[in-house]
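Participant: Once you've had a glance at the structure underneath, I'll fire off some questions.
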Amino acid sequence: MGSIAEYIPSETRLFKPLKIGQCTLQHRIAFPPLTRLRNDDDHVPLPLMEKYYADRGSTPGTLVIAEATAISHGEEGDWNNPGLVSDKQVEGWRKIIKAVHANKSIFFQQIWAMGRASRPDLLSQRGFPYRSSSAVPMKGSEHVPRPMTEEEILETITSFVETAQRAILAGADGVEIHSAHGYLLDQFLTASVNQRTDKWGGSIENRARLTLEVVKAVVQAVGAERVAIRLSPYAGFQGSEKADFLPLYTYLIDELKKMNVQFAYLSLVEATGDPGALIWNDKNIHQGKSLNFILESWDNLSPVIVAGGYTPESAAWAVEDKYGKWDTIVAFGRHFISNPDLVFKIRNDIPLTPYNRPTFYNVKEWSGYNDYPFSQEFLESHSDAVHPMTKEEGNGVDIY
Ligand code: PHB
């Protein structure tokens, strides 16, 4: 095997088809879930999101994963992020999914509860409680979350199930359960956040219980082939560091295997993908650690997505060499934001457009979202795959 720079992406397994659940991907480059704030003030997708998602699925057979979407109105914890609860929200997502399917790509809905990572002011304005596994505040915050009651924990499981069902009814090919990065399920996994003394806290078995119960219930409701799970063993984002990551994730993976079903995929974030390090330059205590212990144990039970600072060449190396024993998909977040035709560009060795981080989280705006250009080469050969929406039709806010 050669060095990373020697890999020619188009000649590697990156462009070999792969099945996830009942769907066939035509290549192994995924568009991962990315927080964007282009929903309206009721957390309903704006029309401009149809173009954004359809364009990123412009190469047929691309796995397009939605930004994390709330399972209940009380978990819509940031301004203008999405939910999938009300009929209007479902209709909004149905149109997005239809647009992605029109490009013959595959759509998974990432679903989450935010817990203490929500904005306390937003929740209190709307009469929702600010909650987590325990009364442990976010670093530097004076807002102390209230520990969830057992009844609220059971309700959360039900909300995950019902949201998964709504996603499937809206046309999604599957759902990805977000149990990573310091959001609610991860607030149960992490020992420094979860200080409960009931069966939902304490031992590894107890801290893993909520994630596993959610997975089981969602699998039962929509079928394992439509279910994926995202884990971030090395993240430090939002207080998610885990000193006991090895026994914790070994246990989680063993329990997922014991369910004896075939999931659509497992999604893992590399230490290099820690949002804390990427967004705020936080020091990551796990930098340099490898996901191999999970991939070895999982042993191709289903394909695995890896994410975290990959380049086209290092992605090619990952699928061929680093994770060559298994069926691996590589996710590209930031490059996919600025290159709607990223897959085409990688295949044809066309230079990538740089991304502009300051506009990532702009609210309801077309710019920094739908104004990154397709390459001339793509337009000459596939212009029908570009979603034909104009800025006015997108119904966004124009601050310029
Ligand atoms: C974020 O909003 O910054 C964010 C959301 C979900 C993640 C990671 C980061 O998994």
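Just so you know, all these numbers are worked out from the coordinates, no wet-lab data involved. Fair warning: this is a prediction, and the values are worked out from it, not measured in the lab. Neighbour counts are summed over all protein chains in view; Cβ atoms, including those assigned to glycine, are modelled from backbone coordinates with ideal geometry.
Participant: Which Cα, out of Gly236, Ser383, His27, lies furthest along the positive dipole direction of the chain (beta carbon charges, K/R +1, D/E -1)?
Facilitator: After comparing all options, I get Gly236.
Participant: By the scheme Lys and Arg +1, Asp and Glu -1, what is the net charge of all other residues having a beta-carbon under 13 Å from that of Leu252?
Facilitator: +1
Participant: Also, I was wondering about something else. Rounded, prolate or oblate: which one fits the chain, using the alpha carbon gyration tensor with axes a ≥ b ≥ c (rounded when a/c is under 1.5, else prolate when a/b beats b/c, else oblate)?
Facilitator: Since a/c reaches 1.5 but b/c is at least a/b, the shape of the chain is classed as oblate.
Participant: Same structure again: Antiparallel versus total DSSP beta bridges in the chain: what percent is that, nearest 5?
Facilitator: 10
Participant: Given R₀ = 41 Å, FRET efficiency for Arg126-Asp321 by Cβ-Cβ distance, to 0.05? Display every interim value, and only then the final one.
Facilitator: Values: r = 50 Å, r/R0 = 1.21.
Computed FRET efficiency for Arg126 and Asp321: 0.25.
Participant: Could you pull out the longest piece of the chain with no exposed loop trypsin sites (Lys or Arg not before Pro) in it, calling a site exposed if DSSP puts it outside H, G, I, E, B and it has at most 11 other Cβ atoms within 10 Å? List each step's numbers first, then the result.
Facilitator: Values: sites that count: Arg126, Lys139, Lys283.
My reading of the result: 140-282 is the longest stretch.
Participant: Could I ask something else about it? Please give the net charge around Gln187, taking every other residue with its beta carbon less than 11 angstrom from that of Gln187, where Lys and Arg add +1 and Asp and Glu add -1.
Facilitator: Net charge around Gln187: +3.
Participant: Could I ask something else about it? Taking 0.36 nm per residue of separation and subtracting the Cα-Cα distance, what length does fully extending Val144 through Gln376 add?
Facilitator: Contour length minus the Cα-Cα distance gives 78.3 nm.
Participant: Quick one: length gained pulling Asp41 to Ile279 fully straight, 0.36 nm per residue minus the C-alpha distance?
Facilitator: 83.2 nm
Participant: Please identify, among Gly127, Gly201, Gly368, the residue showing maximal mean-square fluctuation in a Gaussian network model of the chain using a 10 angstrom Cα cutoff.
Facilitator: Gly127
Participant: Could you give the length gained by full extension between Glu6 and Thr359, i.e. 0.36 nm per residue of separation minus their alpha carbon distance, to one decimal place?
Facilitator: Roughly 123.7 nm would be gained on extension.
Participant: In whole percent, what relative contact order does the chain give with Cα contacts below 8 Å and a gap of six or more residues?
Facilitator: Relative contact order of the chain: 20 percent.
Participant: With r defined as the distance between the Cβ atoms of Arg119 and Asn292 and R0 fixed at 60 Å, what FRET efficiency is calculated, to the nearest 0.05?
Facilitator: With R0 = 60 Å, the Cβ-Cβ based efficiency is 0.95.
Participant: For each of Val261, Val44, Val215, count neighbouring Cβ atoms within 10 Å of the residue's Cβ, then give the residues from fewest to most. Present the calculation step by step, with values, prior to reporting the outcome.
Facilitator: Numbers: Val261 17, Val44 21, Val215 25.
Arranged by neighbour count, lowest to highest, Val261, Val44, Val215 become Val261, Val44, Val215.
Participant: Dipole magnitude of the chain about its Cα centre, charges +1 at Lys/Arg Cβ and -1 at Asp/Glu Cβ only, in debye to the nearest 20? Intermediate values should be presented prior to the final figure.
Facilitator: Details: 40 positive and 50 negative charges, 90 e Å.
That gives the chain a dipole magnitude of about 440 debye.
Participant: A further question on this structure: Note down the nm distance, to one decimal, between modelled labels 7 Å out along Cα→Cβ at Glu205 and at Lys88.
Facilitator: Result: 4.7 nm between the two label points.
Participant: Quick check on the exposure proxy: order His178, His143, His286, His43 from fewest to most C-beta atoms within 10 angstrom.
Facilitator: So the residues, fewest neighbours to most, are His143, His286, His43, His178.
Participant: Output the relative contact order of the range 152-269, whole-number percent, from Cα pairs under 8 angstrom with separation of 6+ residues.
Facilitator: Computed over the range 152-269, the figure is 30 percent.
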